[in-house]
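Engineer: I have a structure I would like to understand better, so I am pasting it below and will then ask my questions one at a time.
Quick note: the coordinates plus some simple rules give every number you see, no bench work behind them. All values reported here derive from a predicted model rather than from experimental measurement. Glycine also receives a Cβ, built like all others from the backbone with ideal geometry; neighbour counts cover every protein chain displayed.
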Amino acid sequence: MEQLPDFWRTEVYHPLFAHFPIALLLMGTFFKIFALWGKGKFLAAPGTILLATGTIAGWIAIYTGNLADGIVARTLCDPTVLKDHENAGYIMVWLFTGALLIDLLYLFDFVQLKKRLVNFLIVLILITGSVYLAYVGHLGATLVYQQAAGVHIPSENCAEFN
C-alpha cells in the first residue's frame, strides 16, 4: 500500500509563500494609484508599507521558487514554461524593488523632484510590475494545472487515502 507524501516538502513552500506578494503588491499598487489621483492621499503611507512587505514577500517567493526548481524541473514535460516563470518573476520583483527604493528615497528627501512626478513614476513602475505579476501567476498556474508541477498525483485506486 502506498503512502501519501509529507505535505511539508520543499516544493510546497513556494506556492505557500507566493500568494502573499500577489495580495500585498496589488493592494499597494491600488493604494498608490488612489493616492496619486488625490482621492485618498491618506493611502500613500499604507501603500508604501504594503509595497515594502510585498517586496520582501516577493523575494521570499523567489528564494522558495529556486528551492523548488531543482525538484520540479525534472518532472515537467515542458520545462521552458518554468524558465519563463522564473525569468518573469525576477523582472517583476526587481520592478517592485525599484519602485520601493524610489518611494523610500523620496520619502527621506534623497530625491529632489516634484512630488507628483515621483508619484507618477512610482505608479507607472507599479502598474508594469502588476502586469508582470499577472503574467508570472499565469505561468505558475500553467505549471501546476497543465504539468502538475509539485503536485502529488494519487494512484489509480487512491489506495494511499485508505
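Engineer: For a quick protection proxy, order the peptides 125-137, 70-82, 8-20 by their average other-Cβ count within 10 Å, most packed first.
Structural biologist: Packing order, densest peptide first, comes out as 125-137, 8-20, 70-82.
Engineer: For segment 73-162, which GluC sites (Glu not before Pro) are both in a DSSP coil and crowded by at most 10 other Cβ atoms within 10 Å?
Structural biologist: Answer by residue number: Glu156.
Engineer: While we're looking at this one, here's another question. How large is the helix-only mean residue ellipticity at 222 nm for the chain, computed as the sum of -39500 (n - 2.57) over DSSP H runs with n ≥ 4, divided by its residue count, in deg cm²/dmol to the nearest 500?
Structural biologist: Helix contribution divided over all residues of the chain: -26500 deg cm²/dmol.
Engineer: So which lysines can Lys41 reach, going by Cα to Cα under 16 Å and dropping same-chain residues fewer than 8 places off?
Structural biologist: Of all the lysines, those that pass the test against Lys41 - Cα under 16 Å, at least 8 places apart if same chain - are Lys32, Lys114, Lys115.
Engineer: Could you work out, for the chain, what percent of all Cα-Cα pairs fall into each 10 Å distance bin, beginning at 0 Å and stopping at the bin that holds the largest distance?
Structural biologist: With a bin width of 10 Å, the distribution comes to 11, 35, 26, 16, 9, 3, 1.
Engineer: Would you list the membrane-span-like helices of the chain, meaning whole DSSP H runs whose alpha-carbon atoms span at least 27 Å along their axis and whose mean Kyte-Doolittle value is at least 1.0? Can you show the working numbers first?
Structural biologist: On the way: long enough: 10-36 (41 Å, 1.24); 44-72 (40 Å, 1.15); 79-107 (42 Å, 0.82); 115-147 (46 Å, 1.15).
Helices passing the filter in the chain: 10-36, 44-72, 115-147.
Engineer: Right, another one. Return a whole-number percent for the relative contact order of segment 10-161, with Cα pairs under 8 Å and 6 or more residues apart as the contact set.
Structural biologist: 28 percent
Engineer: Under a Cβ-Cβ cut-off of 15 Å, what is the net charge of the residues other than Leu25 that fall near it, where Lys and Arg count +1 and Asp and Glu count -1?
Structural biologist: Value of the local net charge: 0.
Engineer: While we're here: What ranking do Leu43, Leu104 get, fewest neighbouring Cβ atoms within 10 angstrom at the top?
Structural biologist: Ordered from fewest to most neighbouring Cβ atoms within 10 Å, Leu43, Leu104 come out as Leu104, Leu43.
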